[in-house]
Amino acid sequence: MSRPSSPAEAQSSGGPRPQRVRTYEIGLDGDVAGLVRSISPAAQVIGSPVCTVLWHRVDDADELYAVLDALYAMGISPREVHEAPAGARRHCEVRIDGRLGDAVLRQLHWSYRVLQTTIVRVRTSQDALRSMLSELTRTSRLDYVVSV
């Protein structure tokens, strides 16, 4: 029996289908750089930035604009602003690089949490990525995965 001469011929003959290798960026909650390195030495840990996440249920857009204006007045520029679709009371979230001080947080009157996200880049196949994520998510929450 002869070997297939092309991937298409291998696929049509029932042989294994070659996997495309891509570069992925992965965000994981917490400082899990050591865990990432132990699971996948080829993965590159880009950083572990801290961010403050403010969130609140608002009745109208004016409440969101008021907190954004207060932040800008203090010289703080949000990294991201997320709003749930319009409705009776919608959830809004504002992400800010770094950790805000207690005085600022009290002045804003919004709920908050401080997150640290480990950002990883890895060049791998989808199957190897699934395996890696399966191991990582046993001890950390997955924030995002994007193909870059």
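Of note:
- Neighbourhood charge, 13 Å Cβ-Cβ cut-off, centred on Asp97 and excluding it, Lys, Arg +1 and Asp, Glu -1: +2
- Once both labels are positioned 7 Å from their Cα atoms along Cα-to-Cβ, the gap between Arg17 and Asp143 label points is 3.3 nm.
- For the chain, the carbon plus sulfur part of the accessible surface works out to 49%, probe radius 1.4 Å.
- Per residue, in Å², the accessible surface of the chain once ligands and nucleic acids are set aside, probe 1.4 Å: 63 Å²
- Kirkwood Rh in Å, taken over all unlike Cα pairs in the chain: 18.5 Å
- Between Tyr72 and Ser134, the FRET efficiency estimated from the beta carbon spacing at R0 = 35 angstrom works out to 0.25.
- Derived scalar couplings ³J(HN,Hα) [the stretch 55-63; Karplus, 6.51 cos²θ - 1.76 cosθ + 1.60; whole Hz; x for Gly, Pro]: 9, 6, 8, 10, 7, 8, 4, 4, 5
The values are calculated or read from the model by the stated rules, or taken from the named source; none is laboratory data. These numbers come from a predicted model, not from an experiment. We place every Cβ from the backbone using ideal geometry, glycine too, and count neighbours over all the protein chains shown. Just the protein is used for accessible areas: all its heavy atoms, side chains included, with ligands, DNA and RNA removed. Shrake-Rupley method; radii C 1.70, N 1.55, O 1.52, S 1.80 Å.
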